[in-house]
Structures are given as C-alpha cells and as structure tokens.
1. Being basic (Lys, Arg) and part of a strand (DSSP E or B) narrows it down to one residue among ARG77, ARG71, ARG83; which is it?
2. Quick one: which residue in THR78, THR72 is over 20 Å from the mean Cα position of the chain (by Cα), farther than 13 Å from ALA138 by Cα and at pLDDT 95 or above?
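The values are calculated or read from the model by the stated rules, or taken from the named source; none is laboratory data. In this text, all values refer to a predicted model and were calculated from it rather than measured experimentally. No Cβ is skipped: glycine too gets one built from the backbone with ideal geometry, and neighbour counts run over all protein chains shown.
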Amino acid sequence: MRTSVSLAFLLVAMFSERAAAEESCPWLNAATAGGALTAAVTTAVTHETANRDDAVCTFTGERSRLRIEVRTMDTPRTEFASRAAQCSENPEALRAIGNEAVVCGSKGSAQLVGRVRNRLFVVVVTADDPSARLREKARAVAESVAGNLF
C-alpha cells in the first residue's frame, strides 16, 4: 500500500511539474485564439531573441493557424516602416490599433503589422477556407495584442 501511494505521489508531482513548465503566450490565450480560428488549438511559444520579453506564439487549429510575433525595436519608426513595407499585397492602413498598423493579404492569408511604442507586433492568420474573413480575424487579434502591450 505504501509503495502504491508513493508511486501515485511521484506521478502527480511529475505531471504537475511538466504542466507548470509549459509556457503560455503573454499576449493571447488559447481560448481566445481558438475563438478567432473557430477551432480547438495547440499552442507553441518560442523566443527568437535573447530578450525574454520578445516571443513568437503559434496557435494551430485543424485547418488554420495564427502566429503572433512581438519584439522590441531599437529604432521604432524605422524598423516599423521597414517591416510594414513588406506588407505589399493590398495594404490598408488601420486606425486605433497601437500607434500605427497596416494589414495586407489575400485569400488564404492575412498579415497585420503594428507598433505600440517600441514594440513591434505581427499577426499572421492563415486558413485553407477561402471564405474565411482573415483580415477581420487578424484585426481582432491585433486589438487584443496591442491592448496587452499598452
């Protein structure tokens, strides 16, 4: 009896430690991402720079994907302008999202590039459903991200 209780305690401790070690996205939770993608999602968070405040969150659904990149800029206006210029497919300037933002894309993909002070954020939504309103989804997610960055 004592061995089985010890074993059960050990298993609970191992799984609790693993769950606590999983990192969540600082700007959007899985439930909100799943609502935007209208699907259950899995979450992955990576840090592509040495700055731990910078991260890439990827939410993957069955037929869609949402990627959020946030990083700190040394020269905000220049770096934002450079990144926004890459948004070349039907670009549209947006108001009331961060300090400045632009959205672009076509069927199957939408990208929104925005800035809050010295923080760049990029939201990319992809789906294999041609009727998906990806620009609207990118904008809704970007509003949440920008709000969390303020």
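1. Values: ARG77 fails: part of a strand (DSSP E or B); ARG83 fails: part of a strand (DSSP E or B).
None of the others qualify; the one that does is ARG71.
2. Working: THR72 fails: over 20 Å from the mean Cα position of the chain (by Cα).
Unique residue meeting the criteria: THR78.
Let's see how each residue does on (1) charged (D, E, K, R); (2) over 12 Å from PHE121 (Cβ atoms); (3) touching a strand residue (DSSP E or B) at 6+ places or on another chain (Cβ under 9 Å):
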site	(1), (2), (3)
ALA39	no, yes, yes
ARG52	yes, yes, no
ALA55	no, no, yes
THR60	no, yes, yes
GLU69	yes, no, yes
